[in-house]
Amino acid sequence: MFILDDLITEGNEISKEKFRKNVGYGDYFVGEDYEKWMDKCILYLEKKYKGSALYEKFIETSRDAGGNDQSYYDKMIGILLALKDWEEE
């Protein structure tokens, strides 16, 4: 659970810093820190949840998340929050 807490906190911090306004083309997330955060999430999920539906959903979402809008981030952070809730039960 502690690793999930760290990943969620880091994701929230990065979402504030790496969100770019792009007039005419829509807002998007970008940057090395954002990519690194996604990679850390993938490594953790692969270790703990490989083969699960949420792991697959995270992988699928993260493939297109870099340079894309907030909906991708929302899906990924939602997966982490759902796993955290599940682990706490």
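Observations
- Extending 7 Å from the Cα toward the beta-carbon at both Ser52 and Lys16 defines two label points whose distance is 2.8 nm.
- Accessible surface for Ile77 stands near 20 Å², nearest 10, in the context of the full protein assembly shown (1.4 Å probe).
- Applying the criteria of a DSSP loop state and at most 12 other Cβ atoms within 10 Å to the trypsin sites (Lys or Arg not before Pro) of the stretch 29-82 yields Lys50.
- The slack between Glu88 and Glu32, meaning 0.36 nm per residue of separation minus the straight C-alpha distance, is 17.1 nm.
- Per residue, the accessible area of the chain comes to 64 Å², computed with a 1.4 Å probe over protein heavy atoms only.
- For the chain, the relative contact order works out to 35 percent when only alpha carbon pairs closer than 8 Å and six or more residues apart are counted.
- Cβ-Cβ FRET estimate between Gln70 and Ile42, R0 fixed at 22 Å, reported to 0.05: 0.70
- Seen against the Cα atoms of the chain and their longest principal axis, helix 2-17 is set at about 10 degrees.
- Nearest-ten-degree value, helix 32-49 long axis tilted from longest Cα axis of the chain: 20 degrees
The values are calculated or read from the model by the stated rules, or taken from the named source; none is laboratory data. Please read all numbers here as calculations on a predicted model, not as lab measurements. When we count neighbours, we look across all protein chains shown, and the Cβ atoms used for this are built from the backbone with ideal geometry, even at glycine. Note: accessible area is taken over every heavy atom of the protein model, side chains too, but ligands, DNA and RNA are not part of it. Shrake-Rupley method; radii C 1.70, N 1.55, O 1.52, S 1.80 Å.
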